[in-house]
1. Would you work out which of B:Val422, B:Pro280, B:Val80 lies farthest towards the positive end of the dipole of the protein assembly as shown, given +1 charges on the beta-carbon of Lys and Arg and -1 on that of Asp and Glu, about the Cα centre?
2. Taking the C-alpha atoms of segment B:34-177, how large are the radius of gyration and the largest Cα-Cα span, Dmax, in Å?
3. In segment B:71-217, if the dipole is taken from +1 on Lys/Arg beta carbons and -1 on Asp/Glu beta carbons about the Cα centre, which of B:Ile188, B:Ala111, B:Ser162 is farthest to the positive end?
4. Considering the zone a paramagnetic label at B:Ser162 would reach in this model (a point 7 Å from Cα along the Cα-to-Cβ line), which residues of segment B:86-125 have amide N under 18 Å from it?
5. Binned at 10 Å from 0, what are the whole-percent values of the Cα-Cα distance distribution for segment A:1-144, short to long?
6. Under a plain spin-label model, where a point goes 7 Å from the Cα along Cα-to-Cβ, how far apart in nm are B:Leu522 and B:His361?
7. Assigning unit charges at the beta carbon (Lys, Arg +1; Asp, Glu -1) and nothing else, what dipole magnitude in debye, to the nearest 20, does chain A show about its Cα centre?
8. Dimensions of chain A along principal axes (Cα, Å, largest first)?
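The numbers here are math on the coordinates, done by the rules we state, and not lab data. Note that the structure is predicted; figures quoted are calculated from it, not measured. All Cβ positions, even for glycine, are placed from backbone atoms using ideal geometry, and neighbour counts span all protein chains on display.
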Amino acid sequence: MILTLLVIIPLLGGLLSFYLGKISPMLPRWAALSALSVDFILLLILWIKPDAIISTQGGQWIAEVNLEWIPQLGINFHLAMDGLNFLLTLLTVFLGITAVASSWTEIRERIGFFHLNLLAVLSGIIGTFLSLDLFIFYFFWELMLIPMYFLIAIWGHEDRFYASIKFFIFTQASGLIMLVAILGLYFIHGKNTGAYTFDYTQLLGTTLSPAAEMWLMLGFLIAFAVKLPVIPIHTWLPDAHTEAPTAGSVILAGLLLKTGAYGMIRFIIPLFPHASSVIAPVIFTLAAAGILYGALVAFGQTDLKRLIAYTSVSHMGFVLLGVFMFNDIALKGAVLQMLCHGVSTGALFIIAGALQERMHTREMARMGGLWATTPRIGAVMLFFALASLGLPGLGNFIAEFLVLLGSFGANKTVASIASVGLILAMSYSLWMMQRVFHGPNEFNWSLADFKTREMAVMAAMVAIILWLGVYPQPVLDRLGNMQTGPQSLSASVKETR
Amino acid sequence: MKSLLWLIPALPLAGFAVLLFSGSRLSNRLAGLIGTASVGLSAIISLLIAIDFISEPPVGNAYTQVLWRWLFIGGFSPEVALRLDALSLTMIMVITVVAFLIHLYSTEFMAEDEGYRRFFSYMNLFVGSMSVLVLADNMLLLYLGWEGVGLCSYLLIGFWYSDSYNGYAARKAFIVTRIGDTALIIGIFLLFTSLGTLQIQELIARASLMWPVNSALAIAASALLLGGALGKSAQLPLQTWLPDAMAGPTPVSALIHAATMVTAGVYLIARTHALFDLAPSIKMLVAVIGAATLLISAFSALAQSDIKRILAYSTISQIGYMFLALGVGAWSSAIFHFMTHAFFKALLFLGAGAVILSLDHEHNIFKMGGLKKELPFTFYVFFAGAASLSALPLVTAGYYSKDLILHDAFTSPSGSPLLWAVGILGAFLTALYTFRLLFIVFFGEPKTEVTSKPGLKIKLPLFVLAVFSITAGFVETTSSLGDIHILSGFLVSSLPPLTKPAEPNASQIEIAGAFAPLAGILIAYLIYYRNPGISESLAGLRFGNTLKSFWFSGWGFDNFYDRFFVRPLFWIVMANRNDFLDKPFLGIASTLKGVNRLLALSQSGKVRWYAFAITMGAVLALCAVILP
C-alpha cells in the first residue's frame, strides 16, 4: 500500500497545487513541498522499518503491492521495492524538493500549472522506478514525458520550442520501439507457456532464440540509451537541459537520465542476459567514448548550462560502463554514480539557474570575477565542480573509482582509456570556475548572494555528497539485496561464455 | 600517546572547517590564531608521539590506527587507517613543524590581505591532507591525501583570483599533476586487481612473494606509480607547472611548493620501494630522470630574474637529487635530503618573501641590491639558507645530505660514475645560481627603497629554520666525518640500508663533492660581486643570449607542450563545440522540412490543378483495375 501512496501523493499534490494556484501564488509552492515531504517521510519509514521482506526468485523485496488490473490481458498493478529502486525513489523525492525550492522565485507565471506538471513528472518517475509489470512500466515511462514537455515548452528559455519538440520526438520514438519489444516479449512468453502476462517476475527466464533475444534486447536498449544518454543519440540532451527552467534541468539531469540506467539494470540484463553479454563490448566501448567525447564537447561550451549538460553525457558514461562490466564492484559503483551525479549535477543546475535569474544570461563570456560579490555561490559551485572532477572524499570519486576499479579487472584497456576522462573532467570544471568566478569582474556585477533558503538546499546537497564520499557503506549495504543479484548475474553471463 | 595519532590530521581539518563556516564573524586576529594553533598543536602531538615511539618502539616498529571502514564490497574493503612507522614519523614531524613555522610567518605576511581567513582555511586544509597522505595505511587513503594537497595547491596558487594569470597558473598546476595522478590511479587499479589488496604493507608483502624480479606486472605497476610521483614532484617531463606555481603567495610557495607537497613523489617511491626493487629498469629510470631534471633545472635557475622562479627551479633540481638517490636505492638518503631541503628551502622562500614584502612586492632581483645594510637579519638567515642549499662543506645541513647522495650515486651497485658526475656538476651549478642570487640581491648598489621591515612573527620562524638549516645535517655523517647514522639507523625499520661494497676512492669522492660547491661560490663571487660586467658581456654574445633565453624558458618545454598538446586539443574542442553528432538529426529534420515544402506546393488553392489531379488519379485507378 505504501508504494501506491508514494506514486499517488505527488500527483494529488500536483492537482491540489493547480487549484490553489487560482487563489494565491504562494499556496501551490507550499502544497507541492508538503506533498513531497510526505513522500520523503514515507521513504524514511521504509528505510528504518521495511514493510515486508519478500524473497522471490528474483531477490529480496522490502515492499510490494500486486493488484489485478486487466486480468484478461495479464496486466497487474504490480509495484515492488528493493534496495536499488528504494535509493532511486529517495533521490527522486529529494531532488523534487530541491526543484520546488529552486523555483520559488524563478517561476512567476501559471504557478499552479507549473507545479502540477512538476509533480506529475515526479509521479511518473517514481512509478517507473517501482513498476514490476511491463505494461504499467510503459505507462509511467510515457507519463514522465508529457508534463516534462510542458515544463520545457512553457517555462523554458529562448529556444524552448525547438528543445522541447526535439526532446519529445527522441523519447517518444524510442519509447515506441520499446513498446514493440515489450509486446514481442509478451507474445513469445505467452506462446511458450500459454500464460499471457506482463509481469516482470514471470517474464524472467523466458526462453528465447538468440536472434529474438537480441532484437527484443535492442528494442529496450534504444529507449534506455536515449534516456541515459549514450552517444551518438545524446543530442536531445544539451538542448533540453539548457532550455528547461531550473527545476526542469534538475529533474532531467538528476532523474530522467537515471531511468535509462535503471531500465538497463532492472530489465535488459536480467531479461536478456545472453544478448546483453554479446552486446557488452559495443556498449562499454561507447561508454568510454562517451566519457571522453562528452568531456571534450563540454570543454568547448560558452553557455554555462550547456556546459553542465555535456558533463552529464560524460558522467553517465561511467554508469553505462559500470552496468555492462558485469561485476559487483563496477555495478555498485554505477548505482552510486547515479545517486552522486543526480545530486551534484542537480546542484550545478540550481546554481546556474540562480545565476541566470540574477544576471539574465548564461553566457560565460559575460561573467567573471563573481567570487568577490557572491562568495557563497562561488564556494558551493567550487564544491560541486570538485565533486564533478572526482575529488577523493566526495561521493562522485568513490562512484567513479569503483566503476573503474571493477572495469579494470574485466577490461584493462577500456578502463584505462576511461580514466583519461578524469583529466578532461578537471580541465572543464576548472575552466568553468575560472570563467564564472575568477579573473577580473569586468562587467562590474554586483549580485545578491545565496540566502538562507538557497543555502539550506545547498547544505543538504553538500552533506549528501560528503557523506557518500567518506562513508558510503550504508548505501552500499542497501544495494546488498539488489534485485539483479550481481553474483547470479555474472554467473549466468559466465555460463554463456 | 600513540592513540592521539588521528589528531594530527584532524586538528588542521577542524581548523579548516571552523574557518570556513565562521564566515566574517571571525576577526582576522582570531582566524590567524585558530589557523596557526591547530597546526601548532599537531606539531606538538607529533613530537610527543615521536618521543613515545622512540622510547617505547611498538611491536614491529609500526603502529596502525583504524578509524573506520571506508567501504566494503566483495573483497574490496579499504579502511580509513593511519600507520605510524619510522618513515611516516619522520615525514610528519618535518611537515607539522615546518608548517607551523610557516603559519606563524603568514600571520604577519598576509596581515594586509582581505582574503586572510580564506588563506588560513586553505592552509589548514593542506596540512590536514598532507598528514593524511603520509600517514595513510592504504593506497586509496593515500590517494585522497594526494588529491587533497593538489586541490590546496590549486586553491592557493590561484589565491589572488582576480588576476587571470594566477588562475591560469593554478589550473596548469592542477591539470599537469592530474596527468601523473591518473597514471597513479591506474597503478592502483592494477595493484588491486592483481594483488587483491590496497593495504600498503600487505601489498608489498604479496608483490614480493608473487612477482619475480623484472616481471611485467612489477614493471608496469612501478612505472605507473612513478608517473604519479613525476607529476607531484615536478620531475621531467611533468615539471613545467612548478615555476608558474610561484603565482601564489610566498608562504604557499614555501610550504607547498618547496618543503612538503612537491616531495610527496619522493615519499611515494620510498614508501613502495619494495615494488621498485622488483623492477630494476624502472629504478634506473628514476635515477636517470632525477639526474636529468637536476641538471636541466639548475641551468634554468641560472637564467631567471624573478627571485621566486630561481627558487622554484632550484626546488625542481633538489628534488632531482632525491630522485637520484631513490633510483640508486639509497632510500634513506633521499629522505635525509627531503628533511634538510624542507628546512633550507622553506627558509629561502620565507626569506625571499621578507625581501619581497620589504620592497613593496618587487620580484625582480635586478631591481634589488645592497639589501645587506637595510635588512641585516634577513641577510644573515638568507645566507644560512643559501649556504645550506649550496652545500657549503662541513658547516651546513645541505652539505651532509647532498654529499651522501653523491656518495651513494657513485658507490651503490646500481649507481655509476656518470650519475655521480652529473650530481657534482649540479652541485657546482647550485652554488653558482644560489650565490648569484645572494650577491645580486644583498650586495651592490641599492636600487629600490625599503618600505617596511619584517616584524617578530616573520623573524622568529626565519631564525628557527636557519638554525635547522645549519644543524639538521649532523644526524647523518660519513665515516670520515664522525660516522654518525642517527637518521638512517632510525629509518632502517622502514627503509633498508644500501648495501655497498667498500669503496677505495671514498675520500677522493668526498673531496670532489666538497670542492664543487666551493668552486661555484667562487665563480659567483668573481662574476656577480667583483666584476658584474662579465655576466652582461657573456649574455651579450649571440650564443650566450640564445642559451640564456633557452634556459630562461625552462628548455622550451612549455612551448613544446603548447604546440603539440594544448593547441591541437583546443583546436579539436573549438572545431566541435557544436557537436557534429547532432548533424545527422538536424539533417533528418531539414529533409522532412524539404519534403513538407514540396508537398505544400501541391496545396496551391487553384481549382484546375485539383481537377487535373482528380482526373489523373481516376485514370490511374481505372488503369489499375482494367489492366491485369
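1. B:Val422
2. Considering segment B:34-177 through its Cα atoms, Rg and Dmax are 17.3, 54 Å.
3. About the Cα centre, the residue reaching furthest to the positive side is B:Ile188.
4. B:110-119
5. 12, 40, 30, 14, 3, 0
6. Going from the B:Leu522 label point to the B:His361 one covers 4.4 nm.
7. Working: 25 positive and 25 negative charges, 105 e Å.
The calculation lands at about 500 debye.
8. 72, 57, 43
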